[in-house]
Amino acid sequence: MRIFDDTFGWAQLAVFTGLLLLLTRPTGVYLFQVLDAQGKTFLDPVLRPVERCFYFLLGADPKKEQDWKQYTISLLAFSLAGTLFTYAILRMQHVLPLNPQGLGPFSDHLAFNTAVSFMTNTNWQSYGGESTASYFSQMVGLAFHNFVSAATGIAVAAVLVRGIARHSAKAIGNFWVDLVRLNLYLLLPASIVYAVFLVSQGMIQNFKPYDTAQILDPYTVEVVKKDDNGDVVKGAPGNPVTEERKIDTQTIVQGPMASQVAIKMLGTNGGGFTNANASHPYENPTPLSNFIQILSIFLIPSGLTYYLGRMVKNQRHGWAVWGAMAAVFLMGVVACWWAESAGNPRLHALGVEAGSGNMEGKEVRFGIFNSALFATVTTDASCGAVNSMHDSFTPLGGLIPLLNIQLGEVVFGGVGAGLYGTLVFVVLAVFLAGLMVGRTPEYLGKKIEATDVKLSVLFVMAAAFSILGFTAWAAVSAWGPAALNNAGPHGLSEMLYAYSSGTGNNGSAFAGLTANTYWYNTTIGLAMLIGRFIMIIPALALAGNLARKKRAAATGGSFPVSGPLFSVLLLGTILIVGALTFFPALSLGPIVEHFQMTGSSITY
Amino acid sequence: MKNMLSELRVAVVATLFLAVVLCGVYPLVVWALSQGLFPHEANGSLIQRGGTVVGSELIAQNFGSPKYFHPRPSAAGEAGYDAGNSSGTNLGPLSKKLTDAVKERVEAYRAENGLAPDARVPADAVTSSSSGLDPHISLRNAFLQAPRVAQARGLDSEALEKIIRAITEGRDVGVFGEPRVNVLKLNLALDKKM
């Protein structure tokens, strides 16, 4: 179907965008209360004692604020402790409780990759959840980071906003206060309500072993024969030997899924309980659960733009940022939806209905529109959950998620990470505008000076070097192409996507790549660390530097940071930086693949 | 350095405290509420027939016999439809493996359903789903299979179409998602009728 005729698609897009707009203000106001150490919320009667208990155990004084360096040290120490905590659990899951399937320990490089992945809010998964991780590993080792990495991201964004809002100040907040308040007052209560809703739609939440069903129509299939070590048995000329297997039962995965999925979406983590992630019928049972999951990715990031406006006492600035984000979001959805609706001409030539669109790697209950919407939103934000397989998208349909990640996930973005990434682009946009008109750049009364611009450029460059550097290395190595599932330009796209996703702390994949190897686990692990900390540390330093400055009164010559002109300038900065950096690599991957698909009969 | 070490001690305490609340209390609260309010869903929406579990409402299982409606192709596990190993094919649009497989499935679909050799086949019937466990097929796919099933069961096709319509799930809240037919539920309804 052509998208212009797809009334229900447009209706769903309108409902989605409308609801997001409506929820932005209440979410922003609530964030404002939570991120104020003395702020009052309606949950105070229940949660205030728990919060006090936390400070008492830590020996922390919630009234004492930190400067940016102390804040950074606390954040790094907490991240290190959490990584080791999870690494230990994954390595020892075979001796820990709640492992009814008797799954063995993670290998050292997989445990490193996974611990880093969840700590950095990436949730890249080199493993399939249901066949690798025990209930304990999922519920404690991984879900822990779903909460705290989200809270850490929001905290960093809040610190940067405070840096902009304050003047002549050193202190920018207290990490432990931000951490515990975000978890207790925002993420925890929202997740409880959300998780129970998901169960009502059909998501599982139990601790029983996997069920075995006696299927109605037993059948036999031919499968590749394996020996006791799980290695493929080879026949005389080196071909694998096949054997007949009678299938009369089905093993059905179980576990504490809903509690993990709620925070996985709300915290823009994205790590699936199962391998198929949010396309698994348990992990996303209905179109309604799907719609709410997509909305929940954008909820907090969108609210943070309102928080920004409120804190800097310029609500129109917050809305101008929101508007720029919404514009990129809508362009991405429509482009991806169009490409997936048009489908794959190679399959149409074989007799497949052209009107059904590209259904390879998609689920019937979601259809084309909801798959394109999910793919766009999950990569606008640094979520990384998927409800369809991006690897099987058409070339241009797959280009959109890839490009979204490479633009820095600043379209609403990950919780916190989206806003601090955006603010870095705001600094660059203001700087460029200043250069164009030949006056000292100024942002909300603060002079933007060399240090600020250097920190912002470091932030942007780190991502480009990590994504392109690692991809180039993998492409010329022996281990890189060995793990590919597709040949030709699509193979390059698989590698490019992997390092974009790792560096962007996204976590989605062109999942054909067999990433669970020593080299991929290690290099993607490093990319995730770069993408997290070479972004957070400059962002915190920028916050400290901005907070220190005096504020000049606004004059007629001040650069206005609200209104459509500013939105367009911000949009232009994001698109130009992203396009100039990644266009050459994209043209060797999805773009050339598109022309091969439409203009040749090459297959790989 | 001393600063970092004392921060690490604080960080360890914070980790343990938050782990108890977020990874102990929280999942148990959700578990208790779910088991109390939605026990069927929380335990996997399992379907029992004569005391044995025959599947889950939400999980596709394979049907190959002509008297049953067939689900979408599956790449879950090495034999397909393995609900302990969810997966798509992850084949790209120019993959030869993909085009070969689709070609074979299109021909098989036409043959088993008595369609013309140049008949257009719905995409969901010949492409693998994302999870490999997609429980649904499109309405068009169901109606194209209906004559074969009717013949194998000696049903008249009007009665069968009535059953399909009764099983069809519409868009959620009238707008979200796509209309669809749950294959397992449909086949169970047929078995019950016969």
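When the Cα convex hull of the stretch A:415-599 is projected onto planes of every orientation, the mean area is 12.6 nm².
Summarised in one figure, the compactness ratio Rg/Rh of the stretch A:91-247, Cα atoms and Kirkwood Rh, is 1.15.
For the stretch A:211-252, what does the alpha-carbon gyration tensor say about shape, rounded, prolate or oblate, given a ≥ b ≥ c as the root eigenvalues, a/c under 1.5 as rounded, and a/b over b/c as prolate? Oblate shape, in that a/c is at least 1.5 and b/c is the bigger or equal ratio.
With both labels modelled 7 Å from their Cα along Cα-to-Cβ, the B:PHE17 to A:VAL46 distance reads 2.0 nm. 3J(HN,Hα) along the stretch B:151-160: 5, 5, 9, x, 8, 7, 5, 5, 4, 5 Hz, from the Karplus curve 6.51 cos²θ - 1.76 cosθ + 1.60 with θ = phi - 60°, whole Hz, x for Gly and Pro. Give the separation of the Cα centroids, the stretch A:498-568 to the stretch B:39-108, in Å. Rounded to whole Å, the Cα centres lie 40 Å apart.
Pairwise alpha-carbon distances in chain A exceed 38 Å for 30% of all pairs.
The order of A:THR573, A:THR7, going from fewest to most other C-beta atoms within 10 Å of their C-beta, is A:THR7, A:THR573. In angstrom, the C-alpha Rg and Dmax of the stretch A:556-598 are 16.7, 55.
Taking other C-beta atoms within 10 Å as the exposure proxy, B:SER74, A:SER587, A:SER259 rank A:SER587, B:SER74, A:SER259 from fewest upward. The modelled label-to-label distance for the pair B:GLU158/A:ARG2, using points 7 Å beyond Cα in the direction of Cβ, is 3.9 nm.
If the chain linking A:ALA552 and A:PHE595 were pulled fully straight, counting 0.36 nm for each residue of separation and taking away their Cα-Cα distance, it would gain 10.1 nm. Computed over the stretch B:46-193, relative contact order equals 27 percent, with contacts defined as Cα pairs under 8 Å that lie 6+ residues apart.
As an exercise, find the ratio Rg/Rh for the stretch A:1-87 from alpha-carbon atoms, using the Kirkwood inverse-distance average for Rh. Rg/Rh: 1.21.
Couplings 3J(HN,Hα) for the stretch A:88-95, derived from phi with the Karplus relation 6.51 cos²θ - 1.76 cosθ + 1.60 (θ = phi - 60°), are 4, 4, 5, 6, 10, 4, 5, 9 Hz, where x marks Gly and Pro. Once the C-beta distance of A:GLN315 and B:HIS40 is scaled by a Förster radius of 56 Å, the resulting FRET efficiency is 0.75 to the nearest 0.05.
Around the Cα centre of the stretch A:415-599, unit charges on the Cβ atoms of Lys, Arg, Asp and Glu (plus for the first two, minus for the last two) sum to a dipole of about 840 debye. Panel order for A:ASP108, A:ASP391, A:ASP178, by other beta carbons found within 10 Å of each beta carbon, from fewest to most: A:ASP108, A:ASP178, A:ASP391. Hydrodynamic radius of the stretch A:227-369 by the Kirkwood approach over all distinct alpha-carbon pairs: 19.8 Å. When the Kirkwood radius is taken over all Cα pairs of chain B, what Stokes-Einstein diffusion coefficient follows at 37 °C and 0.692 mPa s, in µm²/s? Rounded to a whole number, D works out at 164 µm²/s.
Among the chymotrypsin sites (Phe, Trp or Tyr not before Pro) in the stretch A:31-126, those placed in a DSSP loop whose Cβ has at most 12 other Cβ atoms within 10 Å are A:PHE42.
Taking every DSSP beta bridge that has both ends in the protein assembly as shown, the antiparallel portion is near 95%. The amide H of A:LYS226, built 1.01 Å from its N in the peptide plane, has A:VAL233 as neighbours under 5 Å, considering only residues 5 or more places off or on other chains.
Calculate the tail of P(r) for the stretch B:2-41: the fraction of all Cα-Cα distances greater than 12 Å, expressed in %. That tail contains 66 percent of the Cα-Cα pairs. The length gained by stretching the chain between A:SER587 and A:THR242 to full extension, at 0.36 nm per residue less their Cα-Cα distance, is 120.2 nm. Its relative contact order, with pairs defined as Cα atoms under 8 Å and 6+ residues apart, puts chain A at 19 percent.
Relative to the longest principal axis of the Cα atoms of chain A, the long axis of helix A:143-165 makes an angle of roughly 30 degrees. Taking 0.36 nm per residue of sequence separation and removing the Cα-Cα distance, the A:LEU84/A:GLN38 pair yields an extension gain of 13.3 nm.
Working note: Karplus 6.51/-1.76/1.60 with θ = phi - 60° gives the stretch B:79-92 the couplings 9, x, 6, 8, 7, x, 8, 5, 5, x, 7, 6, 7, x Hz, where Gly and Pro are set to x. Shown for the stretch B:46-193: lysine pairs separated by 8 or more places, or found on different chains, whose C-alpha atoms are under 21 Å apart, numbering 8.
Rounded to the nearest 20 debye, the dipole magnitude of the protein assembly as shown is 2500 debye, with +1 charges on Lys and Arg beta carbons, -1 on Asp and Glu beta carbons, and the Cα centre as origin.
Simple point charges give the picture: +1 on the Cβ of Lys and Arg, -1 on the Cβ of Asp and Glu, and for chain B a dipole about the Cα centre of about 40 debye.
Here, each number is a calculation from the coordinates, and none is a lab measurement. This structure is a prediction, so every number in the text was calculated from the model and none was measured. Cβ sites come from the backbone with ideal geometry, for glycine too, and all protein chains shown count toward neighbours.
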